[in-house]
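What follows is a single structure, written as C-alpha cells, with notes after it.
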Amino acid sequence: MLLRADLNVPLNGSHITDDGRIRASMPTITDLAGRGARLLICAHLGRPKGDDYASRAAGGPSLRPVAGRLGELLGRPVHLADDVAGPSAGQLAAALSDGGVGLLENVRFEPAETSKVDAERAGLAGRLAALADLYVGDGFGALHRKHASVYDLPALLQHAAGKLVQAEVAVLRQLTENPKRPYVVVLGGAKPSDKLAVIANLLDKADRLIIGGGMSYTFLAARGYEVGRSLLEADQIGNVKDIMADAERRGVEIVLPTDLVGATGFAADAEHNVYPADAFPADRESLDIGPQTRELFARKLAGAKTVFWNGPVGVFEFPAFAVGTKAVAEAISRVQGLTVVGGGDSAAAVRQLGFADSAFSHISTGGGASLEYLEGKTLPGLAALEDGR
Ligand code: ADP
Ligand code: MG
C-alpha cells in the first residue's frame, strides 16, 4: 500500500525543529500498519533545486532525518529507500513484511512530481503505481497541489483518504457549512494580497472579521490613516476598500487595531512605543498591535461559537513583538466552541509561545491547503481522492 503523507517538517541542518506534521501522520500510519498493511510512504521535503534527478538528490534535503523520527515514534526502524521510484524503492517494497513501514526518498527529487506537463507527471505516477496496489492520500498540506503523487497517482490505484485528511476536511466543512454563530475570523500575517480571496469568500459566512498584523496597515491606509513605514501594499488599497464596502453591505463587522506598537526599525531590539492608530508617526514601523487593541480583540472574540484564525498579528519571531499574538491566542483558547488555527507561521507561533495543541479544537497541518479550501477552490488532491475531477 502506498501512503502519501505530508512529512514536510522544518529542518535546521538535519535537525527537525518541529515534528508536528510527522506526529499528525502517526494515527494513520499506526492504524494501517496495525491492520497488517505493507506500508510504503511517499512524501516531499523542502524545495530541492536542480534540473534533473541527480542534481536534486545530491543537493537534498533527504528524508533521512524524517525516517529516523518516524522510527522513534513507531518504536521500530523505518527503512529509507535510496531513490523515489527506482530499483531501491522496488527492493524496499518487495522486502516489506505485513505491518512493515518503509519510506521512499524525497519525491521532489523527481522533477516530474511538480511538472506542469501532464505526460511528465503521468510517467512518474505510473512508476509509483507499480510499487503498490492501493493508495491512501493523507498528505493534507499538499492537497492543493496538482502534483504527480497527489493528483495523478490516485487515479491509477484503488484509493481512499487517510485519517488526517478526513479530520482536516471535516473541520473545514464545519467552518464553511452552517458554522455555529457568532462566527469570528481573525486574520493577520504579512500581506493582504495573500488573504483577500479568503476574506471575500468568508464575508457571506462569518459575522465578524478581526484584522491585525502586517495586512492591517493596508486596511488602515484604506481608511485614510497614516501608517508610517509599516508594511503596506499600496496597490491593494482599492481592493481593500471594495472588501470593506462589501462587508458593510452584508452587515459583517470589520475590527481593525485602534493602537499600534511602532518601532524605529525591523529588528528584535528596536526601540518602540505605543501610538493611537489614527496618529501613527510617519517615521515608525508597526510590528505589533497595542494594549488597547489586545483588549478590543479579546472582547470581540468572547462569546464566539466558531473561530478561525490565520496569521500572527505581529512579528512574533521577535519576542518583544509577540505580545499581541499571544493575547489573541489566549483569547481564542478561552472560547467555548470550535477554534481552528490555520497557517504554517500561525501554528509555529502558538507552539513557540507555549500553547499546548489542546488549547484549540484543531491546528491545521496545511496552511495553503486550508486557505484555498476556505477561498472556495477545489483542492486537486482532494478531488482526486473523491473521484471528483
Ligand atoms: P501563516 O503562515 O500562518 O499563513 P503568514 O505567512 O501570512 O501566516 O504571515 C506570517 C508572517 O507575518 C510572520 O513571519 C510575521 O512576522 C509576519 N507579520 C505579522 N505581523 C507583521 C507586522 N506587523 N509587520 C511585518 N510582518 C508581520
Ligand atoms: Mg506563512
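The values are calculated or read from the model by the stated rules, or taken from the named source; none is laboratory data. Keep in mind it's a predicted model, so treat the numbers as computed, not measured. Backbone-built Cβ (ideal geometry, glycine too); neighbour counts: all protein chains shown. In case anyone asks, the SASA skips ligands and DNA or RNA and just uses the protein heavy atoms, side chains included. Shrake-Rupley method; radii C 1.70, N 1.55, O 1.52, S 1.80 Å.
Only one of (1) open to solvent by less than 60 Å² (accessible area, probe 1.4 Å); (2) in contact (Cβ under 8 Å) with a residue 12 or more places away in the chain is not met by Val274, so which one is it?
Failing condition for Val274: (1).
Please enumerate the residues belonging to the stretch 330-351 that are more than 16 Å from ligand 2 (Cβ to nearest atom), crowded, with 19+ Cβ neighbours inside 10 Å, without any contact (Cβ under 8 Å) to a residue 60 or more places away in the chain and assigned to a helix (DSSP H, G or I).
Correct list: Ala331 only.
Looking at (1) crowded, with 18+ Cβ neighbours inside 10 Å; (2) more than 24 Å from Val185 (Cα to Cα), find the lone condition where Pro281 falls short.
So Pro281 meets the others, but not (1).
Which residue out of Ser193, Ser216 is open to solvent by 40 Å² or more (accessible area, probe 1.4 Å) and within 19 Å of Ser346 (Cα to Cα)?
Testing whether each residue is open to solvent by 40 Å² or more (accessible area, probe 1.4 Å) and within 19 Å of Ser346 (Cα to Cα) leaves just Ser193.
Assess whether Ser286 counts as being of a type in the set (Ser, Thr, Tyr) and closer than 22 Å to Leu175 by Cα.
Here the answer is no, as Ser286 does not meet what is asked.
So which of Arg47, Arg38 is over 13 Å from Glu110 (Cα atoms), in contact (Cβ under 8 Å) with a residue 24 or more places away in the chain and not hydrophobic (A, V, I, L, M, F, W, C)?
Result of the check over Arg47, Arg38: Arg38.
Would you pick out the residues in the stretch 157-168 that are surrounded by fewer than 20 Cβ atoms within 10 Å (Cβ to Cβ) and in contact with a Phe, Trp or Tyr (Cβ under 8 Å, 6 or more places away or on another chain)?
Across the stretch 157-168, the qualifying residues are Leu157, Gln158, His159, Ala160.
If I go through the stretch 164-181 residue by residue, how many of them are touching a residue at least 12 places away in the same chain (Cβ under 8 Å) and outside any helix (DSSP H, G or I)?
3
Return the only residue of Asp269, Asp288 being within 17 Å of Gly188 (Cα to Cα) and either surrounded by 18 or more Cβ atoms within 10 Å (Cβ to Cβ) or not aromatic (Phe, Trp, Tyr) (or both).
Within the list Asp269, Asp288, the selection yields Asp288.
Check off (1) modelled with pLDDT under 95; (2) more than 21 Å from Ala329 (Cα to Cα); (3) of a type in the set (A, V, I, L, M, F, W, C) for Ile199 and give me the number that stays unchecked.
(2)
Out of all the residues in the stretch 39-62, which are assigned to a loop (DSSP other than H, G, I, E, B) and closer than 23 Å to Gly381 by Cα?
Within the stretch 39-62, the first condition is being assigned to a loop (DSSP other than H, G, I, E, B), and the residues that meet it are 43-52, 60-62.
Of everything in the stretch 39-62, those that are assigned to a loop (DSSP other than H, G, I, E, B) and closer than 23 Å to Gly381 by Cα turn out to be Ala43, His44, Leu45, Gly46, Arg47, Pro48.
Identify all residues within the stretch 298-344 that are within 12 Å of ligand 1 (Cβ to nearest atom), in contact with a strand residue (DSSP E or B) (Cβ under 9 Å, 6 or more places away or on another chain) and not hydrophobic (A, V, I, L, M, F, W, C); write none if there are none.
If the condition is that a residue be within 12 Å of ligand 1 (Cβ to nearest atom), in contact with a strand residue (DSSP E or B) (Cβ under 9 Å, 6 or more places away or on another chain) and not hydrophobic (A, V, I, L, M, F, W, C), then Asn310, Gly311, Gly314, Gly324, Thr325, Gly342, Gly343 are the ones that fit.
Would you check if Thr325 is part of a helix (DSSP H, G or I), within 14 Å of ligand 2 (Cβ to nearest atom) and farther than 29 Å from Ala161 by Cα?
When the stated conditions are applied, Thr325 passes them.
For every residue, the table says whether it meets (1) within 30 Å of Ala234 (Cα to Cα); (2) in contact with a helix residue (DSSP H, G or I) (Cβ under 6 Å, 6 or more places away or on another chain).
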{"position": "Val136", "(1), (2)": "no, no"}
{"position": "Gly141", "(1), (2)": "no, yes"}
{"position": "His144", "(1), (2)": "yes, yes"}
{"position": "Ser149", "(1), (2)": "no, yes"}
{"position": "Leu156", "(1), (2)": "no, yes"}
{"position": "Lys163", "(1), (2)": "no, yes"}
{"position": "Val169", "(1), (2)": "no, no"}
{"position": "Arg181", "(1), (2)": "no, no"}
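Would it be correct to say that Leu301 is buried (at least 23 other Cβ atoms within 10 Å of the Cβ), at pLDDT 95 or above, out of contact with any Phe, Trp or Tyr (no Cβ under 6 Å at 6 or more places or on another chain) and more than 14 Å from Gly314 (Cα to Cα)?
yes
Among the residues of the stretch 352-382, write down those that are open to solvent by 10 Å² or more (accessible area, probe 1.4 Å), of a type in the set (A, V, I, L, M, F, W, C) and within 28 Å of Ala148 (Cα to Cα).
Correct list: Ile363, Leu371, Leu382.
Identify all residues within the stretch 352-372 that are within 16 Å of ligand 2 (Cβ to nearest atom) and in a helix (DSSP H, G or I); write none if there are none.
Once the filter is applied, which keeps residues that are within 16 Å of ligand 2 (Cβ to nearest atom) and in a helix (DSSP H, G or I), the stretch 352-372 yields Gln352, Gly367, Gly368, Ala369, Ser370, Leu371, Glu372.
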